[in-house]
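All remarks here apply to the structure that follows.
Derivation of every value follows stated rules applied to the coordinates shown; laboratory data play no part. None of the values given here were measured: they were computed from a predicted structure. Heads up, the Cβs are rebuilt from the backbone with ideal geometry, glycines too, and the neighbour counts pull from every protein chain shown.
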Amino acid sequence: NYRCRSAFKLLEIDDKLQILRPGLSVLDCGAAPGAWSQVAVERVNALGTDPAVPTGFVLGVDLLRISPLEGAVFLSEADIADPRTLRTIQSLLPAEKVDVILSDMAPNATGIKELDHQKLINLCLGLLSLSRSILKPKGTMLCKFWDGHESRLLQNRLKEQFQDVRTIKPQASRKDSAESYYLARLYKGK
Ligand code: SAM
């Protein structure tokens, strides 16, 4: 059982597009309460449950506290937009860089659609600039956004830095929400 229904979105995306597999190392941004990390721990075999395949790694980061989860490392009460967080993330990773960056981050919604949209786009853009330091070449980034007139800008930035960028609207995302995900694959690196 998952900590949050959001798990089903990641399961759905991953079943269709296979972004997680045993042995990969994952940074899960906006990880609280931890459902996506639960899915990631299973799919990358972070606990080494299956000895026949490689063992992966999961690091979750959130502004909020995240209860411990076997197989994951959590950095709680950390703002991904704070430059100090990058150092801490790097000190917690087993290797210099990760294979996959997941972001289900969402700012506290003000209810003003345009403002919320912009805040989330800015979070994603910030994360994209972090990828230079923490994402392996050919790596993957999956990020949530709320649709609005700056979505294209984020999409274009992703296209500059990844070979394959697509928009995903999981069934598990409520129909009435403007929430979608960009899946960017094959990071061009430096
Ligand atoms: N994927 C999670 C799960 O399955 O349990 C749910 C994530 S929830 C929709 C969004 C999270 O993003 C919130 O917990 C929020 O605290 C976090 N968040 C928002 N802005 C953030 C930031 N600047 N740095 C880190 N986390 C942030």
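Details
- Each of GLY56, VAL73, SER129 was scored by the projection of its Cα onto the charge dipole of region 1-153, and the greatest displacement toward the positive side belongs to SER129; charges sit on the C-beta of Lys, Arg, Asp and Glu.
- Mean Kyte hydropathy of -1.0 or more with a Cα span along the axis of at least 18 Å, helices from DSSP in the chain: 113-134
- Share of pairwise Cα separations in the chain, more than 19 Å, in percent: 56 percent
- 3J(HN,Hα) along region 54-60: x, 9, x, 8, 10, 10, x Hz, from the Karplus curve 6.51 cos²θ - 1.76 cosθ + 1.60 with θ = phi - 60°, whole Hz, x for Gly and Pro.
- Listed by chain and number, the aspartates and glutamates whose C-alpha is less than 20 Å from the C-alpha of LYS113, apart from same-chain residues fewer than 8 away, are ASP104, ASP147, GLU150, ASP176, GLU179.
- Dimensions of region 96-147 from C-alpha coordinates, computed as largest minus smallest value along each principal axis and given longest first, are 38, 15, 14 Å.
- Theoretical ellipticity at 222 nm over the chain - DSSP helices of four or more residues, -39500 (n - 2.57) apiece, nearest 500: -10500 deg cm²/dmol
- Computed magnitude of the charge dipole of region 52-96 (debye, nearest 20; Cβ of K, R +1, Cβ of D, E -1): 80 debye
- Take each peptide in 30-38, 154-162, count the other Cβ atoms within 10 Å of every residue, and average; sorted highest first, the result is 30-38, 154-162.
- Taking the Cα centre of the chain as reference, the dipole from Cβ charges on Lys and Arg (+1) and Asp and Glu (-1) amounts to some 500 debye.
- Over every Cα atom in region 39-78, the radius of gyration and the widest Cα-Cα span, Dmax, amount to 11.2, 36 Å.
- Among the listed pairs LYS119/LYS144; LYS16/LYS144; LYS9/LYS138; LYS16/LYS119; LYS9/LYS169, those beyond 21 Å (Cα-Cα): LYS9/LYS138; LYS16/LYS119
- With the charge dipole of the chain set up from +1 on Lys and Arg Cβ and -1 on Asp and Glu Cβ about the Cα centre, the Cα lying farthest toward the positive end among the listed residues GLN155, GLN38, LEU11 is that of GLN155.
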